[in-house]
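Notes follow once the structure below has been shown.
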Amino acid sequence: MSKRTILLCASVGTLVFSAGSVSPNSDSEPSIDAPRHASVAERSPAGAGGEATSLQQLSAAYAPSAPQASGADSQSEADSPREESSALLPAPADLEEPTLWLARAIYSETKLPHEQELVAWVVRNRVETAYRGRRTYRAVVLDPYQFSAFNPGAAKRARYLRLQPEAPLPRWRQALWVARYVRHAEGRAYRPFPVETRHFYSERSMRGRAVPYWAERGGFVAPDPGRYAVDERRFRFFKQIS
């Protein structure tokens, strides 16, 4: 069992309970390798009852067996019948509004769980450091021209804003569990990068456009390769960007 898995299992009690970014492929299942730690939990703690069930559901969010679309597939999850899975995860119970806003943001950026987790930490870092004066998840997500899907006039802004926990979309349900985990994770051991990491961008989605000006200043952060397998062409993270 990996160090990250052990830490997650130890936090099961918690589990129950920029960005300047453009999504690299926000409406399709990208064709890349599964994350190194695709299974968050290799086994459930004995006697944990409902807590074990919650841990299993979070583990299912990381399962590599879910269907993956090719990079050329531009259909949205909502429009693609093959994404409607009989193994649809239940939404977390008693979901808090901040978690819902976080899930909307990470779902708009990527459909891969390990990438959703990293993006979620960027959003959380912005909340915790009151970046640009925004102190809530809603305010951070709706901050103009920070997260592309929520930009004023964005084609899919309304669809993402309408997403509710009961929407029967497998990758959306996955995002809800990942968002809940990141919001409630406590301790430095859970953080994939420093709290000053508040920006990311995608090379693949910048076709024909210049790299963001702030990325040229340095501050690149590479998530621990022992915990995450991230294609830098899809996501690059940066810290200490003002």
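Mind listing whichever residues of segment 192-203 are open to solvent by 30 Å² or more (accessible area, probe 1.4 Å) and either in a strand (DSSP E or B) or more than 21 Å from R132 (Cβ to Cβ) (or both)?
Passing the criteria: R198, E203.
Within segment 204-235, count every residue that is open to solvent by 30 Å² or more (accessible area, probe 1.4 Å), under 17 Å from the mean Cα position of the chain (by Cα) and closer than 16 Å to W121 by Cα.
Going through segment 204-235 one residue at a time, the tally reaches 4.
May I ask you to verify whether V119 is touching a Leu at 6+ places or on another chain (Cβ under 8 Å), surrounded by 15 or more Cβ atoms within 10 Å (Cβ to Cβ), closer than 29 Å to A87 by Cα and of a type outside the set (D, E)?
When the stated conditions are applied, V119 does not pass them.
Suppose we filter A52, A66, A87, A78 for residues that are at pLDDT below 95, in contact with a helix residue (DSSP H, G or I) (Cβ under 8 Å, 6 or more places away or on another chain), in a helix (DSSP H, G or I) and open to solvent by 20 Å² or more (accessible area, probe 1.4 Å); which single one remains?
A78
State yes or no: is R188 touching a Lys or Arg at 6+ places or on another chain (Cβ under 8 Å) and among the charged types (D, E, K, R)?
The answer is no for R188.
Give A215, A189, A179 a once-over and let me know the one that is assigned to a helix (DSSP H, G or I) and touching a Ser or Thr at 6+ places or on another chain (Cβ under 6 Å).
Within the list A215, A189, A179, the selection yields A179.
Can you pull out every residue in segment 152-191 that is more than 13 Å from E109 (Cβ to Cβ), over 15 Å from the mean Cα position of the chain (by Cα) and of a type outside the set (A, V, I, L, M)?
Answer for segment 152-191, where residues must be more than 13 Å from E109 (Cβ to Cβ), over 15 Å from the mean Cα position of the chain (by Cα) and of a type outside the set (A, V, I, L, M): P152, G153, R157, R159, R162, Q164, P165, E166, P168, E186, G187, R188.
Taking into account only those residues within segment 139-176 that are charged (D, E, K, R) and assigned to a helix (DSSP H, G or I), which is surrounded by the most Cβ atoms within 10 Å (Cβ to Cβ)?
Out of the qualifying residues, it is R173.
The values are calculated or read from the model by the stated rules, or taken from the named source; none is laboratory data. These figures come from a predicted structure and were not determined experimentally. Positions of Cβ are generated from backbone atoms using ideal geometry, with glycine treated the same way; all protein chains shown enter the neighbour counts. Ligands, DNA and RNA are stripped out before the accessible areas are found, and what is left, the full protein with its side chains, is counted by its heavy atoms. Shrake-Rupley method; radii C 1.70, N 1.55, O 1.52, S 1.80 Å.
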